[in-house]
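Written below as structure tokens is the structure these notes are about.
The values are calculated or read from the model by the stated rules, or taken from the named source; none is laboratory data. Please read these numbers as outputs of a predicted model, since none were measured by experiment. Here the Cβ positions follow ideal geometry from the backbone for every residue, glycine too, while neighbour counts run over all protein chains shown.
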Amino acid sequence: MNLTLEHMPVRMKNSSETIKRYFQVLLRKLIPVRVEAELPKGNKRVMMFVGPTGVGKTTTIAKLAARYSYIQEKRSKVGIITLDTYRIGAVEQLFAYAKMMRLPIEDVVDPSDFNSALSSLGHCDVILIDTVGSSQYDKEKLIKLNKFLQNSQMQIDVNLVLSAGCKLEDLKEIYKNFSFLNIDTLIFTKFDETKVFGTIFSLIYDTDKPVSYFSIGQEVPDDIVPASSDFLVECILEGFEKKRGKDGNTGE
Ligand SMILES: Nc1nc2c(ncn2[C@@H]2O[C@H](COP(=O)(O)OP(=O)(O)OP(=O)(O)O)[C@@H](O)[C@H]2O)c(=O)[nH]1
Ligand SMILES: [Mg+2]
């Protein structure tokens, strides 16, 4: 951007509005976005959420479960599966959300039981699968996760969940080490905890993986927006806080 500014005609450089518009037009075309209405592989949405610890996988699932089953005009039958049976309290977190929303939920410990859980939610249009958070360097956990995917009789859409505040070097390492799971789309969380959005932009641009959602706070179900390049570019140019003030908090 600095280089572009240097070479810009003086007449353009004098107007901050013109500069902003110039970069908006330029940047918005550079990153791939997955439109929400587009169904992932297969006829249903069977979405698995993977990623490092504490990035907001479970919270994102709770938001999307509400979004797909109650908020969107076209209401879908939603079911939930959790593979995060490893830690004390993890299953209860998602069971509590499912109970509140009256949605069916299954927990699966062993990869060989995964298909029967998928079958028992066969009547659902959308199945959201939570997984245990894993360091990108914890090979054992990642291999176990892959066993679930390999055992599955259904096509699974793999969503890599990443925190917006993470350093670019770490984001790249996380992407690299999770990519053997065949990532379909990226989700970024914690927009409210950073002021720097160029890192996210760079990762989406470098990996050329479409981004599908942005999580913009802790509130379930409100703090999630379908990704758009306009929204991200505006966060880069103006910051998230300012945007929140201007448009309410959705940016939609
Ligand atoms: N500020 C902010 N907090 C968030 C956002 N999304 C999730 N959180 C919070 O981050 C914390 C961790 O969220 P979880 O959904 O449990 O994260 P997780 O990825 O499932 O964590 P593990 O299962 O432990 O790997 C909770 O306190 C959430 O409320 C967000 O967009 N912004
Ligand atoms: Mg979790």
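Checking each residue in segment 1-45 for being assigned to a loop (DSSP other than H, G, I, E, B), at pLDDT 90 or above and surrounded by 11 or more Cβ atoms within 10 Å (Cβ to Cβ) picks out 30, 31, 32, 34.
Cβ-Cβ distances below 9 Å connect the following pairs, each with a first residue in segment 160-184 that is closer than 16 Å to residue 197 by Cβ and modelled with pLDDT of 95 or more, a second residue that is in a strand (DSSP E or B) and not polar (S, T, N, Q), and a separation of six or more residues or different chains: 162/186; 162/187; 162/188; 163/188; 164/188; 164/214; 171/162. When the residues of segment 151-171 are filtered to those that are more than 12 Å from ligand 1 (Cβ to nearest atom) and under 15 Å from residue 183 (Cβ atoms), the one that is surrounded by the fewest Cβ atoms within 10 Å (Cβ to Cβ) is 155. The residues of segment 121-153 that are touching a strand residue (DSSP E or B) at 6+ places or on another chain (Cβ under 6 Å) and away from ligand 2 (no atom under 15 Å from the Cβ), listed by number, are 121, 124, 126, 127. Looking at this structure, is residue 74 more than 19 Å from residue 161 (Cβ to Cβ), without any contact (Cβ under 8 Å) to a residue 60 or more places away in the chain, of a type in the set (Lys, Arg) and away from ligand 1 (no atom under 16 Å from the Cβ)? It is true that residue 74 is more than 19 Å from residue 161 (Cβ to Cβ), without any contact (Cβ under 8 Å) to a residue 60 or more places away in the chain, of a type in the set (Lys, Arg) and away from ligand 1 (no atom under 16 Å from the Cβ). The set of residues from segment 46-73 being within 16 Å of ligand 2 (Cβ to nearest atom) and not in a helix (DSSP H, G or I) comprises 47, 48, 49, 50, 51, 52, 53, 54, 55, 56.
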